[in-house]
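The values are calculated or read from the model by the stated rules, or taken from the named source; none is laboratory data. Being a predicted model, the structure only gives us computed values, none of them experimental. Neighbour counts are summed over all protein chains in view; Cβ atoms, including those assigned to glycine, are modelled from backbone coordinates with ideal geometry. SASA here: full protein model, heavy atoms, side chains in, ligands and nucleic acids out. Shrake-Rupley method; radii C 1.70, N 1.55, O 1.52, S 1.80 Å.
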Amino acid sequence: QVQLVETGGGLVQPGGSLRLSCAASGSIFSIYAMGWFRQVPGKQRELVALITSGGRITYADSVKGRFTISGNNAKNTVYLQMNSLIPEDTAVYYCNADLRLRIGAARDDYWGQGTQVTVSS
């Protein structure tokens, strides 16, 4: 059983900052990438930022220059530092991990339960 536990969401004023954390636990053979997605009601879930085990990083255009993703491979943890937040960043943020449970098993995506981020004055 794999669990992704997210922390750090909340309410912040425009221009403020938040830091999200996500820790993967359980019987995991290898994690290939971890990242953050977000979703607002009525819209599809979208990629925010992704980091591979080799350190390759991808950002959505809408967050470039404002958000920073980082990871700790030894702790199976990923972080998202969000600065200069704007109301359009309001969403439920989901942690994602692309991993393999054991040798020979298929790679699969796992998701956290989501954490609400609200940017409002």
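When you filter the trypsin sites (Lys or Arg not before Pro) in region 18-96 for DSSP loop state and at most 12 other Cβ atoms inside 10 Å of their Cβ, you are left with Lys43, Arg56, Lys64.
Restricting to bridges with both residues inside the chain, how much of the DSSP beta-bridge set is antiparallel, in percent to the nearest 5? Of all bridge pairs located within the chain, approximately 95 percent are antiparallel.
Please work out the average accessible area per residue across the chain, using the 1.4 Å probe convention, and give it in Å².
On the way: 6610 Å² over 121 residues.
Ligands and nucleic acids excluded, the result is 55 Å² per residue.
Carbon and sulfur atoms: what percent of the 1.4 Å accessible area of the chain do they account for? Walk me through the intermediate numbers first.
On the way: 3160 of 6610 Å².
Carbon and sulfur: 48 percent of the exposed surface of the chain.
Add +1 for every Lys or Arg and -1 for every Asp or Glu among the other residues with Cβ under 14 Å from the Cβ of Ile31, and state the total.
My count for the surroundings of Ile31 gives +2.
In loop segments of region 13-121 as defined by DSSP, the chymotrypsin sites (Phe, Trp or Tyr not before Pro) with at most 15 further C-beta atoms inside 10 Å of their C-beta are Phe29. Remark: C-alpha extents of the chain on the principal axes read 49, 26, 22 Å, sorted largest to smallest.
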